[in-house]
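The values are calculated or read from the model by the stated rules, or taken from the named source; none is laboratory data. Owing to the predicted nature of the structure, the values given are computational and were not obtained by experimental measurement. Cβ placement follows ideal geometry from the backbone for every residue including glycine, while neighbour counts extend to all protein chains displayed.
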Amino acid sequence: MKLPENVLVCIRTLENAGHQCYAVGGCVRDSLLGRTPTDYDLCTDALPEETVALFSDHTLVRAGEKHGTIGVVMDGQVYEITTFRTEGGYTDSRHPGWVRFVPDLREDLKRRDFTVNAMAYSPTQGYIDPFGGAQDLQNGVLRTVGDPTDRFTEDALRILRGVRFSVRFGLEPEFATEKSMQQLCPLLDSLARERVFDELCKLILSINARQILRFAPVLCRAIPQLAPCRDFCQHSPHHAYDVLTHTAYVVENTAPVLPLRWAALLHDIGKPQVFTQDENSRGHFYGHAAAGAQMASEILQTLRAPTALREKVVFLIQHHMTPFSPDKKLLRRRLGKYGVENCRLLLQLQKADDRAKGVPGDNDPEFFSLMEELLEQVLREDACLTVRDLDVDGKDLIAIGFAPGKQLGQMLERLLELVQQEELPNEKAALLAAAKEEL
């Protein structure tokens with residue numbers, strides 16, 4: 001395992017003082033998978049005060065010292081060094097009732113969640129893998145360290161982490177592990193919503209349709225509003241799948257862009273709420289976009305999502321039924337009203353939605369490619385999309401007699417409309433002449 005120089009400095013400093021020190025957890029797993037780790041956690045038999053003394057010439061982060069963690073700052077990056085420890089007495093599915101420092105690496109690894117995360121490495125000692133994590137990686141198996149009920153009861157977030165590791169690394173949960181994940185998922189209710197949101201964000205960027213359906217019991221516990229979508233028959237010739245299955249394929253067919261994936265996951269969440277059937281038993285979902293947007297806003301507020309993300313997701317859901325047409329005039333108005341990025345994302349969501357019905361979609365297969373090409377063409381033409389793009393501004397209109405206020409704004413909007421409708425060129429003389437005539 002190739003370690004960065006600063007990590008080697010930390011390990012050598014501790015080993016030269018007679019201590020053990022290992023890179024541990026995710027960085028070892030990622031290296032064995034041929035991936036470059038994004039960070040490196042270290043563990044040692046040195047007590048926190050001994051670590052502090054050995055690195056006293058560095059800036060230290062000591063916020064986690066009572067739990068054994070000292071952060072050593074090198075070249076602007078923090079390297080966390082944690083004393084071997086064991087834990088016990090979990091009472092809230094997250095925090096241990098006690099933490100005890102121990103001299104044995106195996107005791108430390110024994111408290112970790114999955115075997116693939118319970119491996120350690122040092123250049124002098126090689127790999128330490130008491131629970132068969134490397135073999136599980138090779139066999140594509142996800143297994144808890146010890147009894148899965150104990151591990152998930154200690155920290156319920158491990159249930160969602162297990163789903164994420166299975167999805168991200170292509171690991172098949174062994175029977176007892178998956179059974180406990182499904183049986184104990186009600187424990188997710190006790191977690192801080194921020195922790196659930198953070199884990200879901202990591203998960204939905206890499207999950208596919210099959211995995212969404214497989215892990216539906218866990219996902220529907222994390223987002224309870226998804227539960228009514230499971231097995232909800234749409235009774236429509238336009239949909240071959242139930243609502244959740246359709247949703248799963250929409251997610252899979254979108255690019256791994258966070259607001260787009262969240263919108264895909266929640267875009268039809270309002271359907272069960274507004275479902276009606278006509279005299280022919282055909283299903284209808286009038287107003288489901290507006291209902292879904294409201295529900296998505298509430299879900300993301302509960303999960304403490306950033307406001308900007310929540311607003312973008314709500315916009316995409318609210319407008320996912322708003323039709324586009326290959327008409328430059330209409331497209332300019334859409335771009336001006338919604339913004340370029342929102343239009344691009346909205347087209348992607350509608351394309352995924354159309355292709356995830358299990359029956360031929362409402363649009364020709366080439367429609368969305370045509371719309372995407374037309375959008376880029378309009379942008380290349382330096383189109384007049386907003387009032388700010390006009391070749392005149394409020395000062396110009398005031399100079400020809402308009403008074404500041406509502407009438408001035410209305411005139412600018414009217415000029416924009418005329419330009420977008422190609423009834424007027426975006427040229428100052430023509431715009432002022434039209435404004436004078438209106439005045």
Worksheet entry | Failed criterion for F368 (all others in (1) in a helix (DSSP H, G or I); (2) at pLDDT below 90 hold) | (2)
Discussion item. Of everything in region 296-320, what is aliphatic (A, V, I, L, M) and outside any helix (DSSP H, G or I)? Give them in sequence order.
Written reply: L303, A305
Practice prompt. Scan region 271-294 residue by residue and report those that are in a helix (DSSP H, G or I) and farther than 15 Å from M321 by Cβ.
Written response: P272, Q273
Worksheet item: Quick check: anything in region 405-426 at pLDDT 85 or above and touching an Asp or Glu at 6+ places or on another chain (Cβ under 6 Å)?
Response: yes
Worksheet item: For region 131-242, list the helices (runs of 4 or more DSSP H) that sit wholly inside it and hold at least 1 residues that are surrounded by 14 or more Cβ atoms within 10 Å (Cβ to Cβ), in contact with a strand residue (DSSP E or B) (Cβ under 8 Å, 6 or more places away or on another chain) and not assigned by TED's automatic domain parsing to the domain that holds P256; which are they?
Response: 133-139, 148-154, 157-169, 175-183
Discussion item. Among the listed residues A352, A356, identify the single one that is assigned to a helix (DSSP H, G or I), at pLDDT 85 or above, over 20 Å from K337 (Cβ atoms) and assigned by TED's automatic domain parsing to the domain that holds H239.
Written reply: A352
Discussion item. Regarding region 94-113, can at least one residue be identified that is farther than 19 Å from R151 by Cβ, in contact with a strand residue (DSSP E or B) (Cβ under 6 Å, 6 or more places away or on another chain), modelled with pLDDT under 95 and not in a loop (DSSP other than H, G, I, E, B)?
Written reply: yes
Discussion item. Which numbered condition in (1) within 26 Å of E199 (Cα to Cα); (2) free of Cβ contacts under 8 Å to residues at least 24 places away in the same chain; (3) surrounded by fewer than 18 Cβ atoms within 10 Å (Cβ to Cβ); (4) not hydrophobic (A, V, I, L, M, F, W, C) is the only one that K395 fails?
Written reply: (1)
Practice prompt. For S369, state whether it is exposed (fewer than 13 other Cβ atoms within 10 Å of the Cβ), out of contact with any His (no Cβ under 9 Å at 6 or more places or on another chain) and hydroxyl-bearing (S, T, Y).
Written response: yes
Practice prompt. Mind counting the residues in region 190-213 that are more than 16 Å from the chain's Cα centre (by Cα) and farther than 15 Å from R161 by Cα?
Written response: 3
Worksheet, complete the sentence: Here the residues within region 321-343 that are loosely packed, with under 14 Cβ neighbours inside 10 Å and not in a helix (DSSP H, G or I) are T322, P323, S325, P326, D327
Worksheet item: Residues of region 415-434 being assigned to a helix (DSSP H, G or I) and either within 13 Å of C384 (Cβ to Cβ) or in the same structural domain as G336 (by TED's automatic domain parsing) (or both), which ones?
Response: L415, L416, E417, L418, V419, Q420, K428, A430, L431
Fill in: Out of H239, H267, H246, sole residue that is touching a His at 6+ places or on another chain (Cβ under 9 Å), touching a residue at least 24 places away in the same chain (Cβ under 8 Å) and over 28 Å from A308 (Cβ atoms)
H239
Item to complete: Answer yes if at least one residue in region 312-320 is buried (at least 20 other Cβ atoms within 10 Å of the Cβ), touching an Asp or Glu at 6+ places or on another chain (Cβ under 7 Å) and within 19 Å of T247 (Cα to Cα), and no otherwise.
Response: yes
Practice prompt. Identify the residue in region 351-387 that is touching a Gly at 6+ places or on another chain (Cβ under 7 Å) and touching a residue at least 24 places away in the same chain (Cβ under 8 Å) and, among all such residues, is nearest to R334 (Cα to Cα).
Written response: L385
Worksheet item: Limited to region 96-106, what total is found for residues that are touching a Phe, Trp or Tyr at 6+ places or on another chain (Cβ under 8 Å) and either surrounded by 15 or more Cβ atoms within 10 Å (Cβ to Cβ) or closer than 18 Å to L157 by Cβ (or both)?
Response: 5
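Wholly within region 16-93, which strands (runs of 3 or more DSSP E) include no fewer than the required count, namely at least 1 residues that are under 29 Å from the mean Cα position of the chain (by Cα) and modelled with pLDDT of 95 or more?
Filter on region 16-93 gives 21-24, 41-44, 69-74, 77-83.
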Discussion item. Here are the criteria: (1) assigned by TED's automatic domain parsing to the domain that holds V313; (2) at pLDDT 95 or above; (3) buried (at least 18 other Cβ atoms within 10 Å of the Cβ); (4) in a loop (DSSP other than H, G, I, E, B). Tell me which single one V251 does not satisfy.
Written reply: (4)
